[in-house]
Amino acid sequence: MSGRPDLRGDCERCFGLCCVALPFAASADFAIDKDAGRPCPNLAEDHRCGIHARLRDKGFNGCTVYDCFGAGQRVSQVTFAGQDWRSGPAQRARAMFEVFPVVRQLHELLRYLTEALALPAARPVHAGLRRALGRTERLAGGTPEELAALDVAAHRQEVDVLLLRASELVRAGVRGRRRDRRGADLIGARLRGADLRGVSLRGACLIAADLTGADLRGADLIGADLRDADLTDADLTGAFFVTQPQLNAARGSAGTRLPGSLARPVHWTAQI
Ligand code: SF4
């Protein structure tokens, strides 16, 4: 996100950790099964993806929508001081793969906390958010042993209380119905032109939902699953806790209005 380039994946400084540490299953998102800790067969010796320009054509959509939020370069360059998992002992490689998902979660929290601190309406909880940001930074900077032992789920829960309160404060200032659709099952829902201003869609499942022309201004989209959702001409101005991977997984158009810090996915305009 803007102002925090360290919270965006920088594959040039990473040892392809997401392509090794994470598992995936053959599905609409991945062409093959792969176990955690096993390098993807498309990963080259120089840690570049051998099919990077053809991922969608080759059935690896899941790779195009993934973002480590900068965890890859931190684990590669800081936690393990630039030591490549290929050249060291197997024990070190295992340790890298173990802590990568932990740091990824911490970086995701850093990204949300940073955004919340930029939301003027959340000012009543800014002090708490700043403390949580500092604590999360310290945890992310831990040693491999400290990271492996961390109860990241418990820390996530603590941070989530603050993010939830920030969301309530922001949405209270949005005109509209501000309904709570947290965790709603909206797979394939027909929401064309819907008034979703200030709605909480935290963790909502919006896979393949038709959100064409929907008004999502000031909506909370934290953790919403937007895979294949149609955001053509939707208005997401002021929507918050939306990430680039969420947008990358959706469909949209040149007419979709986005929150300022996010980029229009290339495949949106390529479709037109
Ligand atoms: S297909 Fe490419 S980007 Fe996806 S996991 Fe394999 S090497 Fe990584």
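Shape annotation for segment 172-272: C-alpha extents along the principal axes are 36, 26, 22 Å, from largest to smallest.
With Rh defined as the Kirkwood radius, the inverse of the mean 1/r over Cα pairs, the Rg/Rh of the chain is 0.97. As a calculated quantity, the FRET efficiency between R179 and R130 at R0 = 25 Å, using C-beta atoms, amounts to about 0.25.
For segment 18-61, backbone nitrogen atoms closer than 17 Å to the point 7 Å from E98 Cα along Cα-to-C-beta are found at 21-23, 36-38. Helix 90-117 axis versus longest C-alpha principal axis of the chain: approximately 20°, rounded to the nearest ten.
Between segment 184-208 and segment 31-104, the C-alpha centres lie 32 angstrom from each other. In segment 1-75, inverting the average of 1/r over every pair of distinct C-alpha atoms gives 12.8 Å as the Kirkwood radius. A protection proxy built from the mean count of other Cβ atoms within 10 Å ranks the segments 19-32, 41-54, 188-201, most packed first, as 188-201, 19-32, 41-54. Centre-to-centre, using Cα atoms only, segment 118-182 and segment 234-256 are separated by 21 Å. In this structure, D160 and D6 have a Cβ-Cβ separation that, at R0 = 25 Å, corresponds to a calculated FRET efficiency of about 0.65. Relative to its residue count, segment 104-263 spans a Cα convex hull of 105 Å³ per residue.
Computing FRET efficiency as 1/(1 + (r/R0)^6) for D228 and S261, where r is the C-beta to C-beta distance and R0 is 25 Å, gives about 0.60.
Computed with a 1.4 Å probe over protein heavy atoms only, the accessible area of C18 comes to about 50 Å².
The values are calculated or read from the model by the stated rules, or taken from the named source; none is laboratory data. None of the values given here were measured: they were computed from a predicted structure. Quick reminder, even Gly has a Cβ in these numbers, built from the backbone with ideal geometry, and neighbours come from all protein chains shown. Ligands, DNA and RNA are stripped out before the accessible areas are found, and what is left, the full protein with its side chains, is counted by its heavy atoms. Shrake-Rupley method; radii C 1.70, N 1.55, O 1.52, S 1.80 Å.
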